[in-house]
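Chemist: Have a look at this one before I ask anything.
What follows draws every value from the coordinates through simple rules; no lab data is involved. Quick caveat: nothing in here was measured; it's all calculated off a predicted structure. Note that each Cβ is placed from the backbone with ideal geometry, even for glycine, and that neighbours are counted across all protein chains shown.
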Amino acid sequence: MQHRTFKITLLAILAALTFVLGWFTKIPIPGGYFTLLDAGIFTSSMLLGKKEGMIVGALAGFLNDFLAGYAAYMFFTLVIHGLQGFTGNLTKHKWLNYIISTIVMVGGYFIADMIIAHSLGVALPDLFINFVQTTAGFVIALILTPLLKKAIGNRG
């Protein structure tokens with residue numbers, strides 16, 4: 001029971017920190033914003049597991065879009081970042097997880113842009129921005145995850 005309570009508490013803390021990380025690193029760009037939200041999603045997934053990564057990605061992404069005024073994207077974000085968190089720890093191979101997660105995130109937002117904006121002029125530039133965002137998040141998570149594992153010891 002104590003292990004379960006610790007894991008749920010850690011999940012709640014990571015979800016909140018991921019939201020805060022996404023909120024305070026928001027850089028406005030045409031059609032949306034660049035953020036380090038992905039770093040928290042990948043870190044949560046690598047640290048706690050794919051289901052937990054999905055929860056963190058869905059919650060933190062949804063709240064960021066909702067509060068930033070991107071209501072049209074928030075349900076897409078719920079699914080896209082949720083799936084990104086899930087696939088961030090899908091296999092034992094970190095780089096394969098990165099590739100799958102990147103396809104999910106970049107492809108998901110390309111589809112969302114096409115549905116919402118009906119414009120390749122919005123969707124195409126976002127491909128590059130979303131690729132950079134998810135790549136930066138993955139690299140940061142590769143650095144943070146071992147440090148956090150060491151900090152929490154064998155409790156998590």
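Chemist: Just the residues that are crowded, with 24+ Cβ neighbours inside 10 Å and either without any contact (Cβ under 8 Å) to a residue 12 or more places away in the chain or not hydrophobic (A, V, I, L, M, F, W, C) (or both), please, taken from the range 36-51.
Modeler: ASP38, GLY40, THR43, SER44, SER45
Chemist: Consider the range 96-108. How many of its residues are within 15 Å of ALA123 (Cα to Cα) and either free of Cβ contacts under 8 Å to residues at least 12 places away in the same chain or outside any helix (DSSP H, G or I) (or both)?
Modeler: Adding up the residues that qualify gives 2.
Chemist: Now a separate question. Inside the range 5-35, can you point out the residues that are of a type in the set (Gly, Ala, Ser), more than 12 Å from the chain's Cα centre (by Cα) and either surrounded by 15 or more Cβ atoms within 10 Å (Cβ to Cβ) or within 22 Å of VAL106 (Cβ to Cβ) (or both)?
Modeler: Here is the first cut: in the range 5-35, the residues of a type in the set (Gly, Ala, Ser) are 12, 15-16, 22, 31-32.
Adding the requirement that they be more than 12 Å from the chain's Cα centre (by Cα) leaves 12, 16, 31-32.
Result: ALA16, GLY31, GLY32.
Chemist: Residue check: is THR87 surrounded by 15 or more Cβ atoms within 10 Å (Cβ to Cβ), over 19 Å from ALA72 (Cα atoms) and touching a Lys or Arg at 6+ places or on another chain (Cβ under 9 Å)? Lay out the reasoning, then the answer.
Modeler: Numbers: surrounded by 15 or more Cβ atoms within 10 Å (Cβ to Cβ): yes; over 19 Å from ALA72 (Cα atoms): yes; touching a Lys or Arg at 6+ places or on another chain (Cβ under 9 Å): yes.
Spelling it out, THR87 is indeed surrounded by 15 or more Cβ atoms within 10 Å (Cβ to Cβ), over 19 Å from ALA72 (Cα atoms) and touching a Lys or Arg at 6+ places or on another chain (Cβ under 9 Å).
Chemist: Oh, and also: I need every pair where a residue in the range 63-89 that is more than 24 Å from MET46 (Cβ to Cβ) has its Cβ under 8 Å from the Cβ of a residue that is among the polar types (S, T, N, Q) and crowded, with 24+ Cβ neighbours inside 10 Å, sequence separation at least 6 or different chains.
Modeler: Cβ pairs passing all conditions: TYR70/THR77.
Chemist: Given the conditions (1) touching a residue at least 24 places away in the same chain (Cβ under 8 Å); (2) within 25 Å of ILE8 (Cα to Cα); (3) surrounded by fewer than 17 Cβ atoms within 10 Å (Cβ to Cβ), report the number of the one that LEU59 does not fulfil.
Modeler: (3)
Chemist: Return only the number of the condition from (1) part of a helix (DSSP H, G or I); (2) over 21 Å from LEU14 (Cα atoms); (3) of a type in the set (S, T, N, Q) that THR91 does not satisfy.
Modeler: The number of the failed condition is (1).
Chemist: Enumerate the pairs (first residue in the range 109-120 and of a type in the set (A, V, I, L, M, F, W, C); second residue anywhere and not in a helix (DSSP H, G or I)) with beta-carbon separation below 9 Å, excluding pairs fewer than 6 apart on the same chain, so at least 6 apart or on different chains.
Modeler: Hits for this filter: ALA117/GLY31.
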